[in-house]
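Remarks on the structure that follows.
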């Protein structure tokens, strides 16, 4: 028999105290934040509640199968995906981001908000103020005379169109797009359909523009699309199978599960999870890994160095995957002799 397990959900009150919000019996503890060892019916441990670490003491009544929260003392702020880079004189912040979030994921970790307030300039993957020329889209368009609909069987064309219709679009709107861009579009439309909205990057770009704070980018839109174009060569791929499996991944809920997992690991700064994922990606699809992560990481480092050489403070924001695993930005900066430390304010 499985051991008895109980899930406690703790609520942060307005006065920063904690109370028990939900109490339910479960069969496993793998999805719990903290597992307590029972001793004299008193359970004590440190646990993370949203973004902060508390020392929690809970009393268990075995006769009534009830729990009483005896104490919950704030200890410190929990880590997140945010670092300080230093050359010994100047410093800047680097923050890993998640591109889509639920409304319930706000407010963002206070460490990010502090870094934003301290920053003179905020850099994103793309400059929010960039004026994009039409030529920037050339890399994501099929050769003249070819359309995306010609690449699919009638059955799969219909499957894709049905999904797009569900979210207010139709495939002919993307008839000149390459498959890799269509895949990108399907991901974002599916995330919107699942209830996700703007992520960390969009929040800070909107805020920075509203605050008239200086903004810039690590790459141009054209460079961004060129990387997307280099990430896949579908000439030897069965596109029907590939996109049918992609739609199944969306419809069966696996996309939402993966996004939620990424959000949690991002928020808690569990970078080793992203590192393992990137190592697996490099082994499974080295072309994609090189184009989307490794090459862009290497291209960004000289730009980061230029900003680090100035006394002004920058906050650099990019997808958290760029800061974990093989050839990540933080590793490349450390190899150049810069100090890289997790931002952990007291």
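The values are calculated or read from the model by the stated rules, or taken from the named source; none is laboratory data. Bear in mind that the values here come from a model prediction, so they are computed numbers and not experimental data. Note that each Cβ is placed from the backbone with ideal geometry, even for glycine, and that neighbours are counted across all protein chains shown.
Among all positions in segment 227-234, there is at least one residue which is in contact with a strand residue (DSSP E or B) (Cβ under 9 Å, 6 or more places away or on another chain) and touching a residue at least 24 places away in the same chain (Cβ under 8 Å). Of the residues 198, 210, the single one that is out of contact with any helix residue (DSSP H, G or I) (no Cβ under 9 Å at 6 or more places or on another chain), surrounded by fewer than 18 Cβ atoms within 10 Å (Cβ to Cβ) and farther than 28 Å from residue 143 by Cα is 210. Just one of the listed residues (113, 172) is assigned to a helix (DSSP H, G or I) and either over 30 Å from residue 53 (Cβ atoms) or in contact with a helix residue (DSSP H, G or I) (Cβ under 7 Å, 6 or more places away or on another chain) (or both), and it is 172.
Could you tell me how many of the residues in segment 311-346 are more than 17 Å from the chain's Cα centre (by Cα) and over 25 Å from residue 53 (Cα atoms)? Number of matching residues: 15. For segment 150-169, filtering for residues that are in contact (Cβ under 8 Å) with a residue 24 or more places away in the chain, assigned to a loop (DSSP other than H, G, I, E, B) and under 17 Å from residue 250 (Cα atoms) leaves 1. Considering segment 120-160, the residues that are in contact with a strand residue (DSSP E or B) (Cβ under 8 Å, 6 or more places away or on another chain) and farther than 30 Å from residue 317 by Cβ include one that is surrounded by the most Cβ atoms within 10 Å (Cβ to Cβ), namely 148.
A search for C-beta distances below 6 Å between a residue of segment 183-206 that is in contact (Cβ under 8 Å) with a residue 40 or more places away in the chain and any residue that is in a helix (DSSP H, G or I), counting only pairs 6+ apart in sequence or on different chains, returns 190/250; 190/255; 194/256.
Of note, residue 270 satisfies the criterion of being over 27 Å from residue 160 (Cβ atoms) and either in the same structural domain as residue 108 (by TED's automatic domain parsing) or in contact with a strand residue (DSSP E or B) (Cβ under 8 Å, 6 or more places away or on another chain) (or both).
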